[in-house]
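None of the figures in this text is laboratory data; all of them are computed from the coordinates on show. Remember, it's a predicted structure, so these values are computed and weren't measured experimentally. We place every Cβ from the backbone using ideal geometry, glycine too, and count neighbours over all the protein chains shown.
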């Protein structure tokens, strides 16, 4: 069975509503575009391979618009904290997320950290991802969420931060984590 991208959002909404209606104590933690070792997102899918090969990265949308990135470590920490706090139940919360930066700034910050040349970024026309989504599941998911890349995209986590006393991790932490993971992967391939 093939689920079209437009239906995926509806499925997520229905799952949340079903969880609420079930009577089970439920909490939902939401994040933005994930970043961290092993995370799947625009960084790992588009930027990291281009940086590793010294090639141009073809980015969906405008790489110079603000975009929020959520560190997977902050997501995990938030889920654990909220699971044990009665104030969280029955609500959806945003994991602590740093202020939005551009995709270009993120790429530059990573290449500066690892001492690699800055990667060239090119905006990919919107129809490309939508067309690829007809046959590539990840492209289909990205096409559904592409509104995040064609306008400024800010995730406001201030309510979660204020309510539970959580703060987002400095961006250098996940970037260093990714660099260590990428080095380990390269070392395994060379052996």
Those residues of region 86-132 that are surrounded by 15 or more Cβ atoms within 10 Å (Cβ to Cβ) and within 16 Å of the chain's Cα centre (by Cα) come to a total of 15
Residues being outside any strand (DSSP E or B) and within 13 Å of the chain's Cα centre (by Cα): count how many of those fall in region 32-75.
18
Could you please find all residues in region 105-159 being in contact (Cβ under 8 Å) with a residue 24 or more places away in the chain, closer than 14 Å to residue 65 by Cα and part of a helix (DSSP H, G or I)?
106, 107, 146, 148, 149
Subset of region 76-98 [touching a residue at least 24 places away in the same chain (Cβ under 8 Å), more than 16 Å from residue 36 (Cα to Cα) and assigned to a loop (DSSP other than H, G, I, E, B)]
85, 89, 90, 91
